[in-house]
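*Asks:* Just passing along the structure, written as structure tokens.
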2 protein chains.
Amino acid sequence: MTTLPLPTVRRYPIYLKMLETSDVFGSCDSISGATLAGALGLEEILVRKDLALLGVPGRPRIGYPKDAIVRALRNRLGWDNSTDAALVGTGSLGRALLGYKGFREQNLSIAVAFDSSPANIGMRIGRISIQSADKITKIVSRLKLRMGILTVPDEAAQDCADKLVAGGVKGIWNFTSAHLAVPDGVLVQNVDLASSLAVLSHALRNMMEGAEQ
Amino acid sequence: MTTLPLPTVRRYPIYLKMLETSDVFGSCDSISGATLAGALGLEEILVRKDLALLGVPGRPRIGYPKDAIVRALRNRLGWDNSTDAALVGTGSLGRALLGYKGFREQNLSIAVAFDSSPANIGMRIGRISIQSADKITKIVSRLKLRMGILTVPDEAAQDCADKLVAGGVKGIWNFTSAHLAVPDGVLVQNVDLASSLAVLSHALRNMMEGAEQ
């Protein structure tokens with residue numbers, strides 16, 4: 001399987017959600033690139049290009065077979081098989097991710113959670129009981145988990161990432177601001193809320209000052 | 001005040017956190033670009049360029065005055081004044097953001113929260129009581145809020161964004177996958193967890209298949 005362009009991969013969940021939940025397409029078995037683009041407010045040419053990369057042939061004036069497109073999207077995203085992940089850090093953000101229902105659609109399931117604070121270890125959140133961070137490598141390795149989710153304070157991030165990698169994790173979803181050093185063959189996807197908020201508040205500040213002048 | 005390059009703005013919170021919390025710099029009043037770059041694992045030339053944009057002059061072999069750099073960073077990020085925001089959508093993610101302590105460092109304070117579900121309206125989370133989404137425009141306007149945080153289901157996102165904008169909001173931190181249409185002069189910063197996870201799971205899947213071959 002070839003690696004797809006990142007912007008395309010980022011749009012695939014949007015197409016999938018629209019196809020699986022919207023009634024824009026009625027009971028129709030086919031969808032056209034134009035309808036999908038229109039419903040999402042995207043350029044038609046972009047949508048056509050993204051769909052072409054799925055390898056499902058469309059037919060002129062009829063469009064693409066909806067079921068085949070949905071299957072291909074789920075397959076390309078790796079969402080046709082459930083991915084079990086380890087979550088490290090059960091502060092406010094970690095707990096939110098543990099309870100976040102949106103992951104189910106994406107077949108992501110958090111199998112185990114870790115924390116370093118004795119006050120949290122042993123506590124249950126839903127069906128998961130929190131384990132000591134000392135056991136990350138051992139448990140992750142035993143459960144054969146390939147994905148880790150990091151929601152620890154920045155200063156603990158590298159140490160926890162090292163433990164996850166030692167346990168066999170190949171992909172880290174990093175919610176900290178820390179720059180993680182990982183070996184080749186391990187992927188890091190950053191979701192840095194502080195940086196994202198920084199961009200917005202800096203722009204807002206500039207705009208407000210402009211308005212006052 | 002000039003608009004800074006986005007990558008620079010994204011790194012500013014990282015510098016600030018390092019300068020305010022780390023003891024790498026000991027009790028020293030000055031910091032060098034090299035030390036800061038080393039502590040963060042960044043290129044020195046990049047750090048120097050970012051710091052130069054703050055307009056605080058450094059001195060050869062001594063470095064930059066630490067206090068002045070911290071003040072300039074906070075100022076450029078708009079974090080020397082508290083920003084009050086309205087949060088819309090009090091599901092699992094919205095509640096997490098309400099309880100997320102990390103915002104305090106960034107002087108972001110959530111002043112009010114809205115939900116459309118009668119079961120949630122009137123409920124208290126911490127010091128905030130949840131208001132009906134019907135009142136977004138009225139309350140946001142009365143409180144003169146300029147920032148909105150969207151943690152609603154995708155299908156409700158545009159409607160809630162419209163209500164925020166009608167109330168005077170100029171910046172929206174969008175945690176949904178929806179593409180928001182907003183008037184000129186309103187900024188949207190997207191944090192799309194579904195897309196971020198899609199990128200990671202697609203890459204993981206490719207890697208696993210590669211390893212099996």
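*Asks:* Within region A:171-190, is even one residue crowded, with 18+ Cβ neighbours inside 10 Å, within 14 Å of chain B (Cβ to nearest Cβ) and in a helix (DSSP H, G or I)?
*Replies:* No.
*Asks:* May I ask you to list the residues in region B:100-125 that are within 11 Å of chain A (Cβ to nearest Cβ) and not hydroxyl-bearing (Ser, Thr, Tyr)?
*Replies:* Once the filter is applied, which keeps residues that are within 11 Å of chain A (Cβ to nearest Cβ) and not hydroxyl-bearing (Ser, Thr, Tyr), region B:100-125 yields B:Lys101, B:Gly102, B:Phe103, B:Glu105, B:Gln106, B:Asn107, B:Leu108.
*Asks:* Also, quick follow-up: Step by step: first the residues of region B:63-117, then only those that are outside any loop (DSSP other than H, G, I, E, B) and of a type in the set (Lys, Arg), then the one that is farthest from A:Asp192 (Cα to Cα). Which residue is that?
*Replies:* B:Lys66
*Asks:* Separate question: Does B:Ala211 count as more than 7 Å from chain A (Cβ to nearest Cβ), farther than 21 Å from A:Ala37 by Cβ, at pLDDT below 85 and surrounded by fewer than 18 Cβ atoms within 10 Å (Cβ to Cβ)?
*Replies:* Spelling it out, B:Ala211 is indeed more than 7 Å from chain A (Cβ to nearest Cβ), farther than 21 Å from A:Ala37 by Cβ, at pLDDT below 85 and surrounded by fewer than 18 Cβ atoms within 10 Å (Cβ to Cβ).
*Asks:* Separate question: Within region A:20-42, count every residue that is at pLDDT 85 or above, in contact with a strand residue (DSSP E or B) (Cβ under 7 Å, 6 or more places away or on another chain) and closer than 21 Å to A:Trp79 by Cβ.
*Replies:* Total satisfying the criteria: 1.
*Asks:* Let me ask another. If B:Thr21 passes every condition in (1) free of Cβ contacts under 8 Å to residues at least 40 places away in the same chain; (2) surrounded by fewer than 19 Cβ atoms within 10 Å (Cβ to Cβ); (3) away from chain A (no Cβ under 11 Å) but one, which one does it miss?
*Replies:* Only one criterion in (1) free of Cβ contacts under 8 Å to residues at least 40 places away in the same chain; (2) surrounded by fewer than 19 Cβ atoms within 10 Å (Cβ to Cβ); (3) away from chain A (no Cβ under 11 Å) is unmet by B:Thr21, namely (3).
*Asks:* (1) in contact (Cβ under 8 Å) with a residue 40 or more places away in the chain; (2) over 29 Å from B:Phe103 (Cβ atoms): which one isn't true of A:Asp80, the others all being true?
*Replies:* (1)
*Asks:* Taking B:Val152 as the residue in question, decide whether it is among the β-branched types (Val, Ile, Thr) and within 24 Å of B:Arg10 (Cβ to Cβ).
*Replies:* Working: among the β-branched types (Val, Ile, Thr): yes; within 24 Å of B:Arg10 (Cβ to Cβ): no.
For B:Val152, the condition - among the β-branched types (Val, Ile, Thr) and within 24 Å of B:Arg10 (Cβ to Cβ) - is not met.
*Asks:* On to the next question. Look through region B:49-62, keep the residues that are in contact with a helix residue (DSSP H, G or I) (Cβ under 8 Å, 6 or more places away or on another chain) and under 16 Å from B:Leu16 (Cα atoms), and return whichever of them is surrounded by the fewest Cβ atoms within 10 Å (Cβ to Cβ).
*Replies:* B:Gly55
*Asks:* Output the number of residues of region A:118-131 satisfying the condition of being assigned to a strand (DSSP E or B), out of contact with any helix residue (DSSP H, G or I) (no Cβ under 9 Å at 6 or more places or on another chain) and within 20 Å of A:Ala156 (Cα to Cα). I'd like the intermediate steps shown before the answer.
*Replies:* Start the filter on region A:118-131 by keeping residues that are assigned to a strand (DSSP E or B), which leaves A:124-125, A:128-131.
With the extra rule that they be out of contact with any helix residue (DSSP H, G or I) (no Cβ under 9 Å at 6 or more places or on another chain), the set shrinks to A:124, A:129-130.
Imposing the further condition that a residue be within 20 Å of A:Ala156 (Cα to Cα) reduces the set to A:130.
Of the residues in region A:118-131, 1 are assigned to a strand (DSSP E or B), out of contact with any helix residue (DSSP H, G or I) (no Cβ under 9 Å at 6 or more places or on another chain) and within 20 Å of A:Ala156 (Cα to Cα).
*Asks:* Further question: Counting only residues that are of a type outside the set (S, T, N, Q), farther than 13 Å from B:Asp84 by Cβ and assigned to a helix (DSSP H, G or I), how many does region B:140-163 have?
*Replies:* Counting residues in region B:140-163 that are of a type outside the set (S, T, N, Q), farther than 13 Å from B:Asp84 by Cβ and assigned to a helix (DSSP H, G or I) gives 9.
*Asks:* Restricting to region A:147-158, name every residue that is among the charged types (D, E, K, R) and surrounded by 15 or more Cβ atoms within 10 Å (Cβ to Cβ).
*Replies:* Selection gives A:Asp154 alone.
*Asks:* Moving to a separate point now. Only one of (1) in contact with an Asp or Glu (Cβ under 9 Å, 6 or more places away or on another chain); (2) crowded, with 17+ Cβ neighbours inside 10 Å; (3) over 30 Å from B:Ile172 (Cβ atoms) fails for A:Lys144. Which number is that?
*Replies:* It fails just one condition, (2).
*Asks:* Just one of A:Val152, A:Val70, A:Val112, A:Val140 is assigned by TED's automatic domain parsing to the domain that holds A:Ser32 and not aromatic (Phe, Trp, Tyr); which is it?
*Replies:* A:Val70
*Asks:* If you don't mind, there's one more thing I want to ask. So for region B:46-53 (the condition being acidic (Asp, Glu) and part of a strand (DSSP E or B)), does at least one residue qualify?
*Replies:* Looking for residues that are acidic (Asp, Glu) and part of a strand (DSSP E or B), one finds none in region B:46-53, hence no.
*Asks:* (1) surrounded by fewer than 19 Cβ atoms within 10 Å (Cβ to Cβ); (2) at the interface with another protein chain (Cβ under 9 Å from one of its Cβ atoms): which one isn't true of B:His202, the others all being true?
*Replies:* If we test B:His202 against (1) surrounded by fewer than 19 Cβ atoms within 10 Å (Cβ to Cβ); (2) at the interface with another protein chain (Cβ under 9 Å from one of its Cβ atoms), just (1) comes out false.
*Asks:* Something else: Collect the residues in region B:102-117 that are under 14 Å from B:Val88 (Cβ atoms), surrounded by 17 or more Cβ atoms within 10 Å (Cβ to Cβ) and out of contact with any helix residue (DSSP H, G or I) (no Cβ under 7 Å at 6 or more places or on another chain), keeping them in residue-number order.
*Replies:* B:Ala111
*Asks:* Tell me which residues, restricted to region B:158-170, are within 12 Å of another protein chain (Cβ to nearest Cβ) and either aliphatic (A, V, I, L, M) or under 17 Å from B:Ile128 (Cβ atoms) (or both). I'd like the intermediate steps shown before the answer.
*Replies:* The initial filter retains those residues of region B:158-170 that are within 12 Å of another protein chain (Cβ to nearest Cβ), namely B:158, B:168-170.
Result: B:Val169, single match.
The values are calculated or read from the model by the stated rules, or taken from the named source; none is laboratory data. Since this is a predicted model, take the numbers as computed values, not measurements. All Cβ positions, even for glycine, are placed from backbone atoms using ideal geometry, and neighbour counts span all protein chains on display.
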